[in-house]
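Report on one structure; see the data block that follows.
The values are calculated or read from the model by the stated rules, or taken from the named source; none is laboratory data. Since this is a predicted model, take the numbers as computed values, not measurements. FYI the Cβ positions are ideal-geometry reconstructions off the backbone, even for glycines, and counts take in every protein chain you see. Remember, those area values only see protein heavy atoms, side chains included, never the ligands or the DNA or RNA. Shrake-Rupley method; radii C 1.70, N 1.55, O 1.52, S 1.80 Å.
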Amino acid sequence: LRGNVFLYQGEELGLPQAQIAFADLKDPEAIANWPQTLGRDGARTPIPWTAHNPGAGFSTVSPWLPIPAEHMALAVQTQERDPHSLLMLTRRLIALRNTSAALRAGAIRIIEAGDSILGFERTAVREQLLCVFNLGETPQTFSAPLPGKWRVLEAVGGATPWTLPPWSGLLAMHVNGSHPAA
């Protein structure tokens, strides 16, 4: 959507909230309210840069917060080798947004498509994009609002034109559009 993009540390890697032992907590709120609340420490653990180095490549000394073992499999070095990883998808989507006038500042039109489908069209002078997401637990089909050909620029969760498995989505360009990456 239009506006500033915010990525919180670890979102680009898909890092889950870490379970921090009470003895390792630093957040005063988490300490005061333990065990009723998780606090913020579980979202502030160091980024795992490498999976097999001490300190996960973040540091050679003990970091402020521990690096959870389950985060190691999601290390940057590991995800950079996998073109289908969340890190690589995030990089592609940022690059696409940077080159797309429609995504950065184009007009938006919401498409009514049912309870579990979120669909909207983004348009700029010579660019027409369609973003469709299935936010539900069952597969859905979708009919493109304009006739003609659409070319998928990015798809996640097994989405194809115009079949959307649960929790999937796609971004497509109308063939009359002229996106530089197209």
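Here are a few things to note about the model shown:
- Per-peptide average of other Cβ atoms within 10 Å, ordering 54-64, 2-12 highest first: 54-64, 2-12
- Selected from 47, 141, 105, residue furthest toward positive end of dipole (the chain; charges at beta carbon): 105
- Positive minus negative residues near residue 7 (Lys, Arg vs Asp, Glu; Cβ under 15 Å): +2
- Proximal charge balance of residue 117 [Cβ under 15 Å; K/R count +1, D/E count -1]: -3
- Where the range 27-83 is the region considered: accessible area per residue in Å², 1.4 Å probe: 63 Å²
- Gyration tensor verdict on the range 89-146 (Cα atoms; rounded if a/c is under 1.5, prolate if a/b is larger than b/c, oblate otherwise): oblate
- Shown for the range 1-108: the carbon plus sulfur share of the solvent-accessible area, taken with all protein chains present and a 1.4 angstrom probe, equals 59%.
- Heavy atoms of the protein chains alone define the surface here; on that basis the range 97-179 has 53 Å² accessible area per residue at 1.4 Å probe size.
- Percentage relative contact order, the chain, counting C-alpha pairs under 8 Å, at least six apart: 15 percent
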